[in-house]
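Data first, discussion second: the structure below is written as structure tokens.
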Amino acid sequence: MIVIMRRSANREMVRNVCRELQAIGLKTKPIKGTSRVTIEVSGGEMPFDPEGILSRPGVEDIVRVDKPYRLVSRETSPGDTVVQVGDVAVGGRDLVVMAGPCSVESRDQCRTIAEKVARLGVKIFRAGAFKPRTSPYSFQGLGEAGLEILAGIREEFGLLLVTEAIDTDTIDLVAGYTDIIQIGSRNMQNFSLLKKAGRRNQPILLKRGMSATIEEFLMAAEYVLAEGNTNVILCERGVRTFADHTRNTLDLSAVPAVKQISHLPIIVDPSHGTGRRNQVVPMSRAAIAAGADGLLIEVHHDPVRALSDGAQSISPEMFNQLMQDVRGIGALLDRTIA
Ligand code: PEP
Ligand code: MN
């Protein structure tokens, strides 16, 4: 950490800040610049909130040099992490496309969609049984009955599953049915849920909060890793902006930004990221071009009648196009679909 003193700060103010930091076991080295003094702070684990120093007389600002995350960082683990889900590797050379409806609505609905996406090469089926809905009056998901339907899909089509756990009460139940536990955008900073997910040795799909910075996103993943579970797949799913031509603004720059800092795989969800069916295929192409390790796509055979997220669900025909485009762009980057 570096403490930047005001131009007007006198010697005594500098001395007081140094003394205060030394008193909690830190080393300080004041450096006299042309116009002001800066204090280099080192040593120790920094058990206190450094913001406190900001209120001391003569202090203008502090700059943290060390990042607040460790385990998710490439400094700790330089090579790319590959998360193994059954026989599918996420984060390696393969691109992984997970697809299915937003919600499990019925056995017939899931079977119809699973059959179509499996035929187009999908290995991981997505569908929510517990749904985190903005309105308490919207369809909340079928709960355990939905998980039972998913178990049938897994069995019949040989598909792996990703489905969401929305709270600490039901995560163990969900975990018993699924291959990947999804933690949704609204729960990205549900720290007790993250810790519980971290105590399982099961892949976690962690979606970016709709107003989370990259640092907050990585800190959320750090919670899972800190409990011992390194099988985390990150997912960019759009953030809130002023734009009204989309539901969210899909932040594709998050992909290279995360890749530079972290070894964890990152996939992109252009369905929630745009909220508009016509934007899903173009943004899928862009996501792969930007270096994403895969996609999470909402597909519905009858979107008008979907119980959730119909407006962003693409038809199986559009999904076919998406897969062809992803194959083509992937090939340019020497990546193939898992
Ligand atoms: C979902 O995947 O259906 C979902 C609710 O996503 P998000 O948490 O990104 O809104
Ligand atoms: Mn959805």
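For the structure I just gave you, tell me whether Ser77 is closer than 30 Å to Gly44 by Cα, out of contact with any strand residue (DSSP E or B) (no Cβ under 7 Å at 6 or more places or on another chain) and at pLDDT 95 or above.
Details: closer than 30 Å to Gly44 by Cα: yes; out of contact with any strand residue (DSSP E or B) (no Cβ under 7 Å at 6 or more places or on another chain): yes; at pLDDT 95 or above: yes.
Yes, satisfied.
Would you confirm whether any residue within the stretch 70-83 is within 16 Å of ligand 1 (Cβ to nearest atom), crowded, with 19+ Cβ neighbours inside 10 Å, in contact (Cβ under 8 Å) with a residue 40 or more places away in the chain and not in a helix (DSSP H, G or I)?
In the first step, residues of the stretch 70-83 are kept if they are within 16 Å of ligand 1 (Cβ to nearest atom); the result is none.
Within the stretch 70-83, not a single residue is within 16 Å of ligand 1 (Cβ to nearest atom), crowded, with 19+ Cβ neighbours inside 10 Å, in contact (Cβ under 8 Å) with a residue 40 or more places away in the chain and not in a helix (DSSP H, G or I).
Identify all residues within the stretch 236-282 that are surrounded by fewer than 18 Cβ atoms within 10 Å (Cβ to Cβ) and of a type in the set (Lys, Arg); write none if there are none.
Scanning the stretch 236-282 gives Arg240, Arg276.
Given the conditions (1) part of a loop (DSSP other than H, G, I, E, B); (2) within 16 Å of ligand 2 (Cβ to nearest atom); (3) not hydrophobic (A, V, I, L, M, F, W, C), which single one is not true for Gln109?
(1)
Would you mind finding the one in Gly158, Gly228 that is in contact with a Gly (Cβ under 8 Å, 6 or more places away or on another chain) and surrounded by fewer than 20 Cβ atoms within 10 Å (Cβ to Cβ)?
On the way: Gly158 fails: in contact with a Gly (Cβ under 8 Å, 6 or more places away or on another chain).
Among Gly158, Gly228, only Gly228 is in contact with a Gly (Cβ under 8 Å, 6 or more places away or on another chain) and surrounded by fewer than 20 Cβ atoms within 10 Å (Cβ to Cβ).
Report every pair of residues separated by at least 6 positions or lying on different chains whose Cβ atoms are under 9 Å apart, first residue within the stretch 128-140 and in contact (Cβ under 8 Å) with a residue 24 or more places away in the chain and part of a strand (DSSP E or B), second within 12 Å of ligand 1 (Cβ to nearest atom) and not hydroxyl-bearing (Ser, Thr, Tyr).
Once the first residue is in contact (Cβ under 8 Å) with a residue 24 or more places away in the chain and part of a strand (DSSP E or B) and sits in the stretch 128-140, its partners that are within 12 Å of ligand 1 (Cβ to nearest atom) and not hydroxyl-bearing (Ser, Thr, Tyr) give Gly128/Pro101; Gly128/Cys102; Gly128/Val104; Gly128/Gly141; Gly128/Glu164; Gly128/Ile166; Gly128/Gln182; Gly128/Gly184.
If I ask for residues that are in contact with a Gly (Cβ under 9 Å, 6 or more places away or on another chain) and either hydroxyl-bearing (Ser, Thr, Tyr) or within 16 Å of ligand 1 (Cβ to nearest atom) (or both), which ones from the stretch 278-295 would you list? Steps first, answer last, please.
We begin by selecting, within the stretch 278-295, every residue in contact with a Gly (Cβ under 9 Å, 6 or more places away or on another chain); these are 279-280, 283, 285, 287-288, 293-294.
Gln279, Val280, Met283, Ala287, Gly294 - these are the residues of the stretch 278-295 that are in contact with a Gly (Cβ under 9 Å, 6 or more places away or on another chain) and either hydroxyl-bearing (Ser, Thr, Tyr) or within 16 Å of ligand 1 (Cβ to nearest atom) (or both).
Does Leu296 satisfy the condition of being within 16 Å of ligand 2 (Cβ to nearest atom), buried (at least 24 other Cβ atoms within 10 Å of the Cβ) and at pLDDT 95 or above? Walk me through how you get there before you give the answer.
Numbers: within 16 Å of ligand 2 (Cβ to nearest atom): yes; buried (at least 24 other Cβ atoms within 10 Å of the Cβ): yes; at pLDDT 95 or above: yes.
It is true that Leu296 is within 16 Å of ligand 2 (Cβ to nearest atom), buried (at least 24 other Cβ atoms within 10 Å of the Cβ) and at pLDDT 95 or above.
Which one of the conditions (1) away from ligand 1 (no atom under 15 Å from the Cβ); (2) touching an Asp or Glu at 6+ places or on another chain (Cβ under 7 Å); (3) not aliphatic (A, V, I, L, M) does Asp309 fail to meet, given that it meets all the rest?
Condition (1) is where Asp309 drops out.
Where residues in the stretch 299-338 are within 15 Å of ligand 2 (Cβ to nearest atom) and in a strand (DSSP E or B), which of them is nearest to Val232 (Cα to Cα)?
Filtering first and then ranking leaves Val299.
Of the numbered conditions (1) within 16 Å of ligand 1 (Cβ to nearest atom); (2) under 30 Å from Ala23 (Cα atoms), Val117 fails exactly one; give the number of that condition.
(2)
Tell me yes or no: at least one residue of the stretch 35-42 is touching an Asp or Glu at 6+ places or on another chain (Cβ under 9 Å) and on the phi < 0 side of the Ramachandran plot. Lay out the reasoning, then the answer.
Step one: filter the stretch 35-42 for residues touching an Asp or Glu at 6+ places or on another chain (Cβ under 9 Å), giving 36.
Now drop any that are not on the phi < 0 side of the Ramachandran plot, which leaves 36.
Checked the stretch 35-42: at least one residue is touching an Asp or Glu at 6+ places or on another chain (Cβ under 9 Å) and on the phi < 0 side of the Ramachandran plot.
Looking at (1) surrounded by 18 or more Cβ atoms within 10 Å (Cβ to Cβ); (2) under 19 Å from the mean Cα position of the chain (by Cα), can you tell me which one Ala89 breaks?
(1)
Mind listing whichever residues of the stretch 176-201 are away from ligand 1 (no atom under 16 Å from the Cβ) and either surrounded by 18 or more Cβ atoms within 10 Å (Cβ to Cβ) or more than 22 Å from Ala145 (Cβ to Cβ) (or both)?
First, the residues of the stretch 176-201 that are away from ligand 1 (no atom under 16 Å from the Cβ): 176-177, 191-192, 195-196, 198-201.
Hits for the stretch 176-201 are Tyr177, Phe191, Ser192, Lys195, Lys196, Gly198, Arg199, Arg200, Asn201.
The values are calculated or read from the model by the stated rules, or taken from the named source; none is laboratory data. Fair warning: this is a prediction, and the values are worked out from it, not measured in the lab. Neighbour counts run over all protein chains shown; Cβ positions are idealised from the backbone, glycine included.
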